1. Suppose the filter is closer than 30 Å to Gln53 by Cβ, of a type outside the set (Ser, Thr, Tyr) and in a loop (DSSP other than H, G, I, E, B); does Asp76 pass it?
2. Look at Val91 and say whether it is under 30 Å from Pro19 (Cβ atoms), assigned to a strand (DSSP E or B) and in contact (Cβ under 8 Å) with a residue 24 or more places away in the chain.
3. Can you confirm whether Ala103 is of a type outside the set (Ser, Thr, Tyr), in contact (Cβ under 8 Å) with a residue 12 or more places away in the chain, touching a Leu at 6+ places or on another chain (Cβ under 9 Å) and surrounded by 11 or more Cβ atoms within 10 Å (Cβ to Cβ)?
4. Among the listed residues Lys65, Lys119, identify the single one that is part of a strand (DSSP E or B), more than 18 Å from Thr36 (Cα to Cα) and touching a Pro at 6+ places or on another chain (Cβ under 6 Å).
5. Does any residue of segment 73-88 turn out to be in contact (Cβ under 8 Å) with a residue 60 or more places away in the chain, over 16 Å from the mean Cα position of the chain (by Cα) and more than 22 Å from Asp110 (Cα to Cα)?
6. Output the residue which, of all residues in segment 71-100 that are touching a Ser or Thr at 6+ places or on another chain (Cβ under 7 Å) and under 19 Å from Ile7 (Cα atoms), is least open to solvent (accessible area, probe 1.4 Å).
7. Does Val44 satisfy being surrounded by 14 or more Cβ atoms within 10 Å (Cβ to Cβ), part of a strand (DSSP E or B), touching a Phe, Trp or Tyr at 6+ places or on another chain (Cβ under 8 Å) and free of Cβ contacts under 8 Å to residues at least 40 places away in the same chain?
8. Is there a residue in segment 59-74 that is modelled with pLDDT under 95, among the basic types (Lys, Arg) and in contact with a strand residue (DSSP E or B) (Cβ under 8 Å, 6 or more places away or on another chain)?
Amino acid sequence: MTPVAFIKGIIVANINEIPELAVEHIHSFFIPINDTLTDEPIVVISGLPERSQDYGNGIPFQSTKQVQIQLYYPKDYLGDMDAIESGLKQVLLTNDVRCYSDAGQTLTPDSESITNTLKFNYIKEAI
């Protein structure tokens, strides 16, 4: 299973623990054209380079995988962005996926929507 599919599976399975997010707005790699006109937050999960591998007797036994989650909020979003982001971090932490970077909420110059990028890593055991 790819890191993106792994993380998406965790989020979808625990969507009720993350306020103000809906499964239909959780995407892998890109936002489909049919989900660009919404007044709800959108989540895009993407892969990042593998961070490292650990070896024993010349054989890899685990690796550190990385993903990023980009959050897109509508321009005039009135919901609690911090609660959404904290909910995502907590759900993933409960599943041994740790946040190591939170870029903070920023306003995009083109559409003036609000975005944030969270980066996570986790250990995957070799099979």
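The values are calculated or read from the model by the stated rules, or taken from the named source; none is laboratory data. Computed from a predicted structure; not experimentally measured. Don't worry about glycine lacking a Cβ; one is built from the backbone with ideal geometry, like all the others, and counts go over all protein chains shown. Remember, those area values only see protein heavy atoms, side chains included, never the ligands or the DNA or RNA. Shrake-Rupley method; radii C 1.70, N 1.55, O 1.52, S 1.80 Å.
1. no
2. In short, no.
3. Details: of a type outside the set (Ser, Thr, Tyr): yes; in contact (Cβ under 8 Å) with a residue 12 or more places away in the chain: yes; touching a Leu at 6+ places or on another chain (Cβ under 9 Å): yes; surrounded by 11 or more Cβ atoms within 10 Å (Cβ to Cβ): yes.
It is true that Ala103 is of a type outside the set (Ser, Thr, Tyr), in contact (Cβ under 8 Å) with a residue 12 or more places away in the chain, touching a Leu at 6+ places or on another chain (Cβ under 9 Å) and surrounded by 11 or more Cβ atoms within 10 Å (Cβ to Cβ).
4. On the way: Lys119 fails: touching a Pro at 6+ places or on another chain (Cβ under 6 Å).
When all the criteria are applied, what remains is Lys65.
5. Among the residues of segment 73-88, at least one is in contact (Cβ under 8 Å) with a residue 60 or more places away in the chain, over 16 Å from the mean Cα position of the chain (by Cα) and more than 22 Å from Asp110 (Cα to Cα), which makes the answer yes.
6. Among them, the one singled out is Leu71.
7. yes
8. Yes: one or more hits.
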